1. If you scan segment 267-300, which residues turn out to be among the charged types (D, E, K, R) and out of contact with any helix residue (DSSP H, G or I) (no Cβ under 6 Å at 6 or more places or on another chain)?
2. Of (1) under 24 Å from TRP404 (Cα atoms); (2) modelled with pLDDT of 95 or more, PHE49 satisfies all except one. Which?
3. Looking at segment 436-449, which of the residues that are closer than 14 Å to LEU412 by Cα, out of contact with any strand residue (DSSP E or B) (no Cβ under 7 Å at 6 or more places or on another chain) and part of a loop (DSSP other than H, G, I, E, B) is modelled with the lowest pLDDT?
4. Condition first: free of Cβ contacts under 8 Å to residues at least 12 places away in the same chain, over 18 Å from ALA113 (Cβ atoms) and exposed (fewer than 14 other Cβ atoms within 10 Å of the Cβ). Now tell me which residues in segment 233-266 satisfy that.
5. Out of the residues in segment 377-393 meeting the condition of being within 11 Å of PRO424 (Cβ to Cβ) and out of contact with any strand residue (DSSP E or B) (no Cβ under 7 Å at 6 or more places or on another chain), tell me which one is surrounded by the fewest Cβ atoms within 10 Å (Cβ to Cβ).
6. From the list GLY415, GLY443, GLY420, GLY393, which residue is on the phi > 0 side of the Ramachandran plot and in contact with a helix residue (DSSP H, G or I) (Cβ under 9 Å, 6 or more places away or on another chain)?
Amino acid sequence: MISRITAYRATVAIIWALALWHSWTSRGLFVDGANFLVHIVRQEAFFDFYMPRLYAMVLGQIPVMTAVTLGVTDLHLLARLLSLGLFALPTIFYTLALHRAKDDAVLLAVVIAAIAIVFMTTSFFIVGEYNTLYAVVLLIAVRLATAERLSLGDSVALLLLSLMAIRTYETMIYLGPLLASITLWKVWRSGTRPWLPTMLHLVSAVFMIMAMMVAINSVVHPHSADHLEETWVMAVDFWQNIQFDLVLGAAVIVVCWALVRPQDLKRWLPYLCAGIFLVLLALSPLLVLSDGLVRPLAKSQYVARTVSGLIIATMIVLIMAYRSPSASRLRTMAALSLPAVGGRFLTFAFVMLLAGLPADLFLTQSWVGYLDAMRNSVRTRSGVIAVEDTPIGSRPHSLLVENWVLTSQSLLVRGKSTDGVLAPPRDFTEWVPFPPTELPNMGRFYWRD
């Protein structure tokens, strides 16, 4: 079994190594990220077009905006800095959650499991603010669960985190009232209530309700009704994400086993049965040897983002149940409190994280090949280039294509003004931010290798 300290340090090392590698490969340009960078360099200002997600949006753009303000014009470097801001933001909050949970094997296991199930399987679309929100709310839950009393330090941290959550993502519709209820319960259960920490906890609960109200308003009055409808429709398609399916399947087996036969958690049998799914996950990149679409896919990660919020909510309930005064009355929680069981639980969570690494590395390397192919395509021809006439239009690169952002991506990788740009497929008639015949003025900004 892995020790708590080893699991904590190794997980922190892994998620930061991935964040840096993903940033170096400019993975933040996937889909909306490319559109973000075009607007940032055109306006030389933050791209903050959507108020309900303003805070995460602005914080993630600080590294790239700092460079633009200092006069950096290399789009390659700016793409890496945009990616760094987008990846570092949730990684910081997950790191803080890991640090807070490191003294309890079960809590540490839950945080690692959240990273393995949610972050690793949905963060290819890193520009999505849900990546940051899920890390923030998990950190809030861990801090509330581990606080022995109402302290000033905890209450200030809670206040800042809840303030940020007000304008980060729409799933605060249900995560907001859940966390507000837990915060009020924590105040009510506290033996002593110093006036300042108590007041800050109560204000934090108000901020969480405000976040819920902002989220409701953003759904009632959406930025794009068509996009909102598409989001609801895609929410039921989470099963298309094979990485998500396999790691979630492993977790469900262990959780259901723990609920039905908690005494079996003292044995390795539940974990070995669930481990079959993890072996399949680790081997999933081999599916590319076939011609089918049952394989790790970057675009399929987007469809699992909505149901991931429900998984995070379930984990928050599990955390609070495990740390509640009544936990010993529940057979499953009583079993988890045993050191041997907690150690196995933690080891399994860490193996879940490791099992997801091959697919993540494979997709990142696919992205590197995609950008290289796009750069070569636009630099060997001028004018408007039909995507069907380039390697981007065929597999495997076509699996990373989002038609509406093709022109923006190709515009960013140009090395000079005479380089070409890619046009969406000929049969694509939907909205595009920049038609290939009406390119925005990028001024002095070019991609330098």
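1. ARG267, ASP291, LYS299
2. Condition not satisfied by PHE49: (2).
3. Looking at the filtered set, the residue picked out is ASP449.
4. VAL233, VAL236, TRP239, VAL260
5. Ranking the candidates gives GLU388 first.
6. Numbers: GLY415 fails: on the phi > 0 side of the Ramachandran plot; GLY420 fails: on the phi > 0 side of the Ramachandran plot; GLY393 fails: on the phi > 0 side of the Ramachandran plot.
Among GLY415, GLY443, GLY420, GLY393, only GLY443 is on the phi > 0 side of the Ramachandran plot and in contact with a helix residue (DSSP H, G or I) (Cβ under 9 Å, 6 or more places away or on another chain).
Here's the yes/no breakdown for (1) closer than 30 Å to SER3 by Cα; (2) modelled with pLDDT under 95; (3) more than 15 Å from the chain's Cα centre (by Cα):
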position	(1), (2), (3)
GLY71	no, no, yes
HIS76	no, no, yes
SER83	no, no, no
LEU89	yes, no, no
ILE92	yes, no, no
LEU98	yes, no, yes
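Conditions tested, residue by residue: (1) surrounded by fewer than 17 Cβ atoms within 10 Å (Cβ to Cβ); (2) of a type in the set (Phe, Trp, Tyr); (3) without any contact (Cβ under 8 Å) to a residue 60 or more places away in the chain.
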| site | (1), (2), (3) |
| --- | --- |
| ARG193 | yes, no, yes |
| PHE207 | no, yes, yes |
| MET210 | no, no, yes |
| MET213 | yes, no, yes |
| SER224 | yes, no, yes |
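The values are calculated or read from the model by the stated rules, or taken from the named source; none is laboratory data. All of these numbers come straight from a predicted model, not from anything done at the bench. All Cβ positions, glycine included, derive from the backbone under ideal geometry; neighbour counts span all protein chains shown.
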